[in-house]
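The values are calculated or read from the model by the stated rules, or taken from the named source; none is laboratory data. Predicted, not measured: the structure shown is a model, and the values here were computed from it. All Cβ positions, even for glycine, are placed from backbone atoms using ideal geometry, and neighbour counts span all protein chains on display.
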Amino acid sequence: MSTLQIKSPFDENTLMTLKAGDRVLISGTIYTARDTAHKRMAESLQKGEELPFAISGQTIYYVGPTPAKPGLVIGSAGPTTSGRMDKYTPSLLDRGLKGMIGKGYRSQEVIASMKKNTAVYFAAIGGSGALIAKTIKSMEVVAYDDLGPEAIYKLEIDQFPAVVIIDSNGNDWYELGKQQFQEKSELI
């Protein structure tokens with residue numbers, strides 16, 4: 001299987017070509033946000049306020065980076081569990097969010113919203129935070145500086161490795177993998 005090179009922010013045509021299980025190298029701009037930042041964004045939307053960045057076409061990486069060592073842009077930058085953001089995700093997808101990077105499963109509500117809004121969920125490999133950090137070329141705080149590593153950061157990345165877990169049609173690589181395993185097990 002080849003590795004696809006894609007650029008963020010995403011357009012719908014690119015996202016519609018991606019299939020669950022595709023390996024990708026993402027370059028371009030992405031944003032970080034974890035639980036507390038998502039909660040603040042949801043509160044802003046409830047008040048009728050703007051989000052702290054233009055979300056249309058963008059990708060959010062669920063990460064709280066560690067401080068950078070001297071001479072480096074960022075410390076370890078491994079993914080956090082995506083399900084903790086599920087209650088906030090559909091409203092962001094409705095406003096144009098196109099990609100999410102994290103680890104673990106997503107709720108049926110998020111998957112339905114992804115299908116409705118032509119979005120993709122990518123997984124970064126847990127435990128590979130130091131490797132991922134090497135793909136991050138710049139980092140700047142965009143909002144919620146008081147949250148420290150859980151603030152919203154704008155990252156410029158070059159060949160960030162990920163796997164398409166849920167594609168824009170709602171195909172879930174985790175479920176497809178289970179089915180393939182069961183089918184092969186029945187042949188033995």
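Scanning region 122-157 for residues that are touching a strand residue (DSSP E or B) at 6+ places or on another chain (Cβ under 8 Å), without any contact (Cβ under 8 Å) to a residue 60 or more places away in the chain and under 16 Å from L51 (Cα atoms) returns a single hit, V141.
Does S107 count as among the hydroxyl-bearing types (S, T, Y) and in contact with a helix residue (DSSP H, G or I) (Cβ under 6 Å, 6 or more places away or on another chain)? Steps first, please.
Details: among the hydroxyl-bearing types (S, T, Y): yes; in contact with a helix residue (DSSP H, G or I) (Cβ under 6 Å, 6 or more places away or on another chain): no.
Answer is no for this residue.
With respect to the conditions (1) surrounded by 15 or more Cβ atoms within 10 Å (Cβ to Cβ); (2) over 20 Å from K137 (Cβ atoms), E43 falls short on a single one, namely (1). Scanning region 111-121 for residues that are touching a residue at least 40 places away in the same chain (Cβ under 8 Å) and either in a strand (DSSP E or B) or surrounded by 15 or more Cβ atoms within 10 Å (Cβ to Cβ) (or both) returns I111, M114, K115, T118, A119, V120, Y121.
I'd like the full set of residues that are among the aromatic types (F, W, Y) and within 18 Å of T36 (Cα to Cα), limited to region 75-127. Give the steps one after another, and end with the answer.
Within region 75-127, the first condition is being among the aromatic types (F, W, Y), and the residues that meet it are 88, 105, 121-122.
Answer for region 75-127, where residues must be among the aromatic types (F, W, Y) and within 18 Å of T36 (Cα to Cα): just Y88.
In region 66-104, the residue that is modelled with the highest pLDDT out of those that are in contact with a Gly (Cβ under 6 Å, 6 or more places away or on another chain) and not small (G, A, S) is K98.
For M139, the criteria (1) of a type in the set (A, V, I, L, M, F, W, C); (2) over 18 Å from M16 (Cβ atoms); (3) part of a helix (DSSP H, G or I); (4) touching an Asp or Glu at 6+ places or on another chain (Cβ under 9 Å) hold in every case but one, which is (3).
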